[in-house]
Every structure is written in structure tokens, then in C-alpha cells.
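Each remark here refers to the structure printed beneath this line.
The values are calculated or read from the model by the stated rules, or taken from the named source; none is laboratory data. Bear in mind the structure is a predicted one, so any value in this text is a computation, not a measurement. FYI the Cβ positions are ideal-geometry reconstructions off the backbone, even for glycines, and counts take in every protein chain you see. Each accessible area value is taken on the protein alone, full model and side chains, heavy atoms only, with ligands, DNA and RNA left out. Shrake-Rupley method; radii C 1.70, N 1.55, O 1.52, S 1.80 Å.
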Amino acid sequence: MTTIRTVAIIGAGQMGSGIAQVVAAGGYEVKLYDIASERVTLALGEIAASLARRAARGLTTEAEGQAALQRIVPAATLAEAAKADLVIEAASEDEAVKKAVFAELTPLLGPDALLASNTSSISITRLASATDRPERFIGLHFMKPAPTMKLVELVRGIATSASTFETAVAFAESLGKTTTESEDFPAFIVNRILVPMMNEAVYVLYEGVGDVASIDKALKLGANHPMGPLELADFMGLDVALAIMNVLYDGLADSKYRPCPLLVKYVEAGWLGKKSGRGFYDYSGPTPVPTR
Ligand SMILES: CC(=O)CC(=O)SCCNC(=O)CCNC(=O)[C@H](O)C(C)(C)COP(=O)(O)OP(=O)(O)OC[C@H]1O[C@@H](n2cnc3c(N)ncnc32)[C@H](O)[C@@H]1OP(=O)(O)O
Ligand SMILES: NC(=O)C1=CN([C@@H]2O[C@H](COP(=O)(O)OP(=O)(O)OC[C@H]3O[C@@H](n4cnc5c(N)ncnc54)[C@H](OP(=O)(O)O)[C@@H]3O)[C@@H](O)[C@H]2O)C=CC1
């Protein structure tokens with residue numbers, strides 16, 4: 001087992017910022033890096049606001065929140081971020097982007113550093129092959145919102161060592177999370193099941209079976225889902241949902257994973273969901289308004 005004290009997070013988007021928050025709250029020193037440095041500044045603001053809300057809800061104290069925030073340091077370069085015991089990659093869901101990050105990062109790492117990817121769907125074995133340490137590489141898949149969701153899905157690549165896996169389990173548990181293990185197949189367990197369900201909801205909309213409000217109400221009240229599938233797709237990011245469908249479609253070569261053309265069109269329009277202000281809902285006002 002490797003002793004972890006300092007954790008670097010690469011990518012300060014929706015997931016990178018949430019993971020940085022959870023890891024800092026778990027008592028680790030955190031370095032946060034993004035290709036766009038202003039994303040790190042925004043993330044620190046979001047983390048501070050989230051920690052304050054959690055203190056107000058009695059989930060933590062203000063002092064604990066402040067201490068967690070102090071433990072997160074922006075990294076200006078990848079070389080700065082690389083000085084860590086564990087590096088968690090949470091950059092965009094694009095295999096070429098992730099492999100380029102790992103290729104640049106690998107020569108900068110200490111010999112014992114562990115690497116993890118928060119990928120939603122991409123082969124851990126293939127990502128590990130872009131590094132010099134496939135035995136010290138693992139899928140560490142947090143769910144959104146990372147501070148709230150209980151699960152971390154662990155994915156071993158073909159070369160991941162038992163020691164790396166044990167370290168990852170202990171690390172996730174030290175953050176108060178529960179782990180589950182998935183074999184390295186497209187989209188693993190959670191997204192293999194969840195994202196095709198969301199894609200089907202987009203087909204139901206596309207075919208005119210129901211409108212946005214009816215579809216979400218149906219699943220919220222009819223199946224006790226906390227969010228309707230279209231609300232959840234907006235929350236996840238429609239670009240992320242489409243990327244996962246494409247990994248399933250390409251990786252499993254089965255037409256049942258065909259991304260709905262309406263989902264493709266929304267992403268092409270830049271309607272990426274909550275993060276871009278418009279998806280299946282319009283977020284420009286105080287309450288989200290269905291768009292169809
Ligand atoms: C894509 C992948 O690779 C894997 C994935 O992550 S798949 C997605 C997995 N996630 C889900 O399925 C989430 C489904 N939704 C839920 O479970 C719940 O609606 C929820 C946990 C998000 C919120 O439940 P809630 O009862 O409102 O919890 P609450 O304690 O009030 O809020 C928890 C956090 O969620 C945030 N939140 C709640 N609803 C939100 C929304 N519609 N949009 C954005 N944030 C929201 C809250 O602001 C809060 O964050 P802070 O701690 O920073 O304040
Ligand atoms: N959204 C979700 O519900 C979940 C997503 N995930 C996974 O987490 C990862 C991140 O997703 P998410 O946070 O939603 O995506 P976001 O688009 O919110 O964040 C990705 C961030 O990575 C940055 N980035 C892109 N290229 C690089 C690079 N070369 N080096 C450093 N940073 C880079 C992006 O910058 P820029 O915008 O400038 O390109 C952006 O700030 C993906 O693998 C996704 O599949 C996992 C669980 C849930």
C-alpha cells in the first residue's frame with residue numbers, strides 16, 4: 001500500500017472541483033490544476049460556497065470548511081501538480097485529451113506516485129497504456145455531486161496491481177465513501193445502466209411520446225428517481241452523456257446504444273445542460289423551464 005498525503009486533481013470542471021472538495025475535507029493536501037487557470041479560480045469559489053452551505057446544513061462546521069479550503073492549492077503548471085502521491089485525472093471525457101494529459105504528466109511524476117482517472121466510460125487499460133506505470137493506475141470513478149454521492153466505482157485495468165487496488169479502496173473509504181468494483185468494460189456498471197436509460201428518455205422526447213416535464217415527472221413520481229432522466233442529463237452535462245453513449249456504441253458495437261439524434265443536436269448547438277445555461281431546461285431564470 002502507498003501512503004497518500006498529497007493529491008493532485010487535473011481538470012477543475014464540475015467533477016474536478018467536487019473531488020478536490022471531498023479530498024480536502026478528508027484531510028489531504030490538494031493541488032488543483034486545469035488547462036484554463038481561470039477554471040481553478042472559479043472552482044475555488046464554488047468549493048467555498050459549497051462548504052459554507054454544508055456548514056449551514058450542519059454537515060460540517062465552519063472551521064472544518066475553512067481548514068479544508070486552506071488545504072487546496074492551485075497548481076499553475078502540470079509539473080507543479082505532479083508533485084503528489086496520487087494524481088486523479090478529471091479532464092474532459094475525451095480519450096485523446098486524457099491520453100495527452102497522461103503522456104505529459106508521466107515524466108514529471110515521482111517513481112511511487114499513483115495515477116487514477118475519473119473517466120465515466122473510457123477503458124482504464126487503454127488510458128494506463130499511455131503511462132509508464134499501468135500497474136499503478138486505476139479507475140477511481142466519483143459520482144456527481146461528488147461531495148454528496150456515497151459511491152466510488154473502482155475499475156482495475158488489466159495491469160492494475162493488488163496493492164494499487166487496496167490503496168484505492170482505503171483512500172475512498174477515508175473520504176467516507178463506499179466502493180464498488182467493476183471490470184474494465186465500456187462505461188463500467190453505473191453508466192452502462194444509467195446513461196442508456198437517459199438516452200431512451202431523449203428518444204421518448206424525440207418521438208413525441210411525452211414532453212420534458214411529463215418524462216421527468218413520470219420517472220420521479222412513478223419510479224422514485226430523485227431527478228428525472230432529462231433533468232439528470234442536464235445536471236451531468238449533455239456532452240458527457242453523449243461521450244458515454246459513443247463509448248458504449250463504439251465499444252460494444254450494438255445498435256441499442258445508438259445516441260439519440262436529438263441529444264447529438266443539442267450538443268452540436270452548445271446546449272450542454274445546466275453548465276451552459278440551456279439543455280432540456282432553460283436555466284436563465286430563477287427556476288428551470290422545460291424547453292420542449
Ligand atoms: C456521469 C457519471 O460518470 C456518473 C454519475 O455521476 S451519474 C449521476 C449520479 N448522480 C445522480 O444520479 C444524482 C441524482 N440526484 C440526487 O441524488 C439528488 O437530487 C441530489 C443528491 C443531487 C440532491 O438531493 P437533495 O435532497 O436536494 O440533497 P441536498 O443535500 O439538498 O443537496 C446536495 C447537493 O446537491 C446540490 N444540488 C441539488 N440539486 C441540484 C440541482 N438540480 N442542480 C445542481 N446542484 C444540485 C445541492 O446544491 C447540494 O450541493 P452543496 O452540498 O454544494 O450545497
Ligand atoms: N459530469 C458528471 O456527471 C460526471 C463526469 N465524470 C467524468 O469526470 C471527467 C470530467 O467531467 P466534468 O467535470 O463533468 O467535465 P467538465 O467539462 O465540467 O470539466 C472538465 C475540465 O477539464 C478541463 N480540461 C480539458 N483539457 C484539459 C487538460 N489537457 N488538462 C487539464 N484540464 C483539462 C476542461 O477545460 P476546458 O473547459 O477549458 O476544456 C474543464 O475545465 C470526465 O471524464 C467525465 O466523464 C465522472 C462522474 C460524473
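Applying a 10 Å radius around every beta-carbon, put 271-281, 220-230, 91-101 in order of their mean neighbour count, most first.
In decreasing order of mean packing, 271-281, 220-230, 91-101 become 271-281, 91-101, 220-230.
State the antiparallel share, in %, of DSSP beta bridges confined to the chain, rounding to the nearest 5. Mind dumping the intermediate values first?
Working: 9 of 33 bridges.
Just about 25 percent of them are antiparallel.
Order of 24-36, 173-185, 117-129 by packing, highest average Cβ count within 10 Å first?
On the way: 24-36: 21.1, 173-185: 14.6, 117-129: 22.8.
Listed from highest to lowest mean packing, they are 117-129, 24-36, 173-185.
Could you tell me the largest-minus-smallest coordinate of the C-alpha atoms of the stretch 190-290 on each of the three principal axes, in descending order and whole angstroms?
Largest to smallest, the principal-axis extents are 41, 31, 25 Å.
At a temperature of 25 °C and a viscosity of 0.890 mPa s, determine how fast the chain diffuses translationally according to Stokes-Einstein, using the Kirkwood radius over alpha-carbon pairs as Rh; express D in µm²/s, rounded to the nearest whole number.
Values: Rh = 19.6 Å.
Calculated translational D: 125 µm²/s.
Would you mind estimating how fast the stretch 206-246 diffuses translationally, via Stokes-Einstein at 20 °C and 1.002 mPa s with the Kirkwood radius over Cα pairs, in µm²/s?
D = 198 µm²/s.
How much of the accessible area of the stretch 137-200, in percent, comes from carbon and sulfur atoms when a 1.4 Å probe is used?
Numbers: 1630 of 2670 Å².
After summing per-atom areas, the C and S share lands at 61 percent.
Between ALA100 and GLU173, what length comes free when the chain is fully extended (0.36 nm per residue of separation minus the Cα-Cα distance, one decimal in nm)?
Residue separation times 0.36 nm, minus the Cα-Cα distance, leaves 23.3 nm.
What does the accessible area per residue of the chain come to in Å², with a 1.4 Å probe and no ligands, DNA or RNA counted?
It amounts to 46 Å² per residue over the chain.
At ALA36 and LEU59, where each label point lies 7 Å from the Cα along Cα→Cβ, what is the point-to-point distance in nanometres?
If labels sit at ALA36 and LEU59, their model points lie 2.6 nm apart.
Enumerate the amide H contacts of ILE138 below 5 Å, restricted to partners 5 or more residues apart or on another chain; note that Pro and chain-start residues carry no placed amide H.
Amide H neighbours of ILE138: LEU115, ALA116, SER117.
Express in nm, to one decimal, how much length is gained between GLU135 and TYR206 on full extension, taking 0.36 nm for each residue of separation and deducting their alpha carbon distance.
Working: separation 71, 0.36 × 71 = 25.56 nm, distance 4.42 nm.
Fully extending the segment from GLU135 to TYR206 adds 21.1 nm.
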